[in-house]
Amino acid sequence: MSDQLEQSFVQQLKQNQNIIHKICRLYTSGADAHKDLFQEITIQLWKAFPKFRGDSKFSTWAYRVALNTAITLYRKNTRSISTVEFESQRHFISQEDYNYEEEEQIKLLYQAVYQLNDIEKALVFMYLEEKDYAEISETLGISEVNARVKMNRIKGKLRKILNP
Amino acid sequence: MEELDLLKKDWKKKENSFSQLSEKEIYKMLHRKSSSIVKWILIISIIEVLVWTSISIIYSTDEYLKSLNHEELVIYFRVFNFFNYGVILAFIYMFYKNYRNISTTASTRSLMSNILKTRKTVQYYVWYNLFMIVIGLITGFILAFSFNPEIGILKERMVNEGKYMAITIGILILSIVIAVGIFWLFYRILYGILLRKLLVNYKELKKIDL
């Protein structure tokens, strides 16, 4: 692959790296796992880059490839993440101190999201990123109706986890 | 669901809380695939040993020697086998160490030197195996000619007629060359592809490191 292609990829990835960081936050716990997933996504993006023709924005394309990588990898991994590992999440959730109660609630919310499966996480991710259903459906390769139904189901599921 | 909105608020707030990677770090990530290549070298070498071992269990030299009525040689073969497995295990250990090194190194420079080291180890490993194949074949021929009664007639002829001697030796040498050639090709395909990938990766790393 040519140097120019590589250079353009690295630059665009650098500008859009938060997308990957955010996906890592949702799919992994702990700094090492975050780094591993980040690297894996970067490599997958790089592999797919020659096929990226620029008819969509780099970020849109990156969402798709990165999420699919996370979903596939997550499937190979064991599904359950132990609650012990979970404690390590605390460091980034409680960086700043503000309303303790809200803080607690957010922590519980993250924990609840962690219990969702790979595709559900992807939907939550898109939701948090404020993507509309059209974009969600395109990125995840499901129909818009299906995305809506899934999202509703996820909300129900989260409610159940939060208020057992 | 208002909880999700709370999460969204928090999510946005932390949008920029990630430590940012530099271009150089991203470049490096693209070339870290070395560790997966080295992992494959390790896996293939282990599979290879398992295959050879199972073949040698099915085809036992002990039985063959027994059929030749020279059981006293069994011990030599055992020693030879132990030595051979020892060396191969040492190689596998080195592959493992290379793999560990490559997947944990942080600096481009040490990654490069580790790649070179791995390539060398694999090359030595292939040469060792080819050498052992030659030794094995020669031993096999010597055994057959010295002790196998079925070859006795041929031996008598060889002693009497120079032409037979030349033809036989020619055939033996040819079969060694062919066997080594086949194995060489086999290793070239098996490890050659991985080694070439490592080399490509090495060259790319060199460019970054300038």
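The values are calculated or read from the model by the stated rules, or taken from the named source; none is laboratory data. Nothing here was measured: the structure is a model prediction, and the numbers come from that model. Reconstructed Cβ throughout: ideal geometry from the backbone, glycine too, with neighbour counts over all protein chains shown.
For region A:126-140, how many residues meet the condition of being on the phi < 0 side of the Ramachandran plot and at the interface with chain B (Cβ under 9 Å from one of its Cβ atoms)? Qualifying residue count, region A:126-140: 3. The condition of being hydrophobic (A, V, I, L, M, F, W, C) and modelled with pLDDT under 80 holds for only one of B:Ile47, B:Ile37, B:Ile26, that being B:Ile37. Under the condition of being free of Cβ contacts under 8 Å to residues at least 12 places away in the same chain and within 10 Å of chain A (Cβ to nearest Cβ), the residues counted in region B:33-57 number 1. Only one of the numbered conditions (1) facing another protein chain (nearest Cβ under 10 Å); (2) touching a residue at least 40 places away in the same chain (Cβ under 8 Å) is violated by B:Ser22, and that is (2). Return the residues of region A:27-48 that are within 9 Å of another protein chain (Cβ to nearest Cβ) and touching a residue at least 24 places away in the same chain (Cβ under 8 Å); say none if nothing qualifies. Within region A:27-48, A:Thr42, A:Trp46 qualify. Can you find even one residue in region B:145-158 that is in contact with a His (Cβ under 8 Å, 6 or more places away or on another chain) and surrounded by 11 or more Cβ atoms within 10 Å (Cβ to Cβ)? Scanning region B:145-158, I find at least one residue that is in contact with a His (Cβ under 8 Å, 6 or more places away or on another chain) and surrounded by 11 or more Cβ atoms within 10 Å (Cβ to Cβ), so the answer is yes. Just one residue in the set A:Arg75, A:Arg79, A:Arg53 is modelled with pLDDT under 85 and farther than 17 Å from A:Ile119 by Cβ; that residue is A:Arg53.
Here's the yes/no breakdown for (1) over 19 Å from B:Lys14 (Cα atoms); (2) of a type outside the set (Ser, Thr, Tyr); (3) surrounded by 14 or more Cβ atoms within 10 Å (Cβ to Cβ):
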| position | (1), (2), (3) |
| --- | --- |
| A:Gln4 | yes, yes, no |
| A:His21 | no, yes, yes |
| A:Leu26 | no, yes, yes |
| A:Ser29 | no, no, yes |
| A:Phe49 | yes, yes, yes |
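Could you list all residues from region A:137-155 that are surrounded by fewer than 18 Cβ atoms within 10 Å (Cβ to Cβ) and of a type in the set (Ser, Thr, Tyr)? Matches in region A:137-155: A:Ser143 only. When each of B:Asn129, B:Asn114 is tested for being at negative phi, surrounded by 16 or more Cβ atoms within 10 Å (Cβ to Cβ), part of a helix (DSSP H, G or I) and touching an Asp or Glu at 6+ places or on another chain (Cβ under 9 Å), the lone residue that passes is B:Asn129.
Of the residues B:Ile138, B:Ile142, B:Ile169, B:Ile151, which is among the aliphatic types (A, V, I, L, M) and either under 30 Å from B:Tyr99 (Cα atoms) or at pLDDT 85 or above (or both)?
Result: B:Ile138 is the single residue among B:Ile138, B:Ile142, B:Ile169, B:Ile151 that is among the aliphatic types (A, V, I, L, M) and either under 30 Å from B:Tyr99 (Cα atoms) or at pLDDT 85 or above (or both).
Which residue out of A:Asn99, A:Asn117, A:Asn68 is modelled with pLDDT of 55 or more, polar (S, T, N, Q) and loosely packed, with under 10 Cβ neighbours inside 10 Å?
Details: A:Asn117 fails: loosely packed, with under 10 Cβ neighbours inside 10 Å; A:Asn68 fails: loosely packed, with under 10 Cβ neighbours inside 10 Å.
So the residue among A:Asn99, A:Asn117, A:Asn68 that is modelled with pLDDT of 55 or more, polar (S, T, N, Q) and loosely packed, with under 10 Cβ neighbours inside 10 Å is A:Asn99.
Scanning region B:33-54 for residues that are of a type in the set (A, V, I, L, M) and over 30 Å from A:Thr42 (Cβ atoms) yields B:Val49, B:Leu50, B:Val51.
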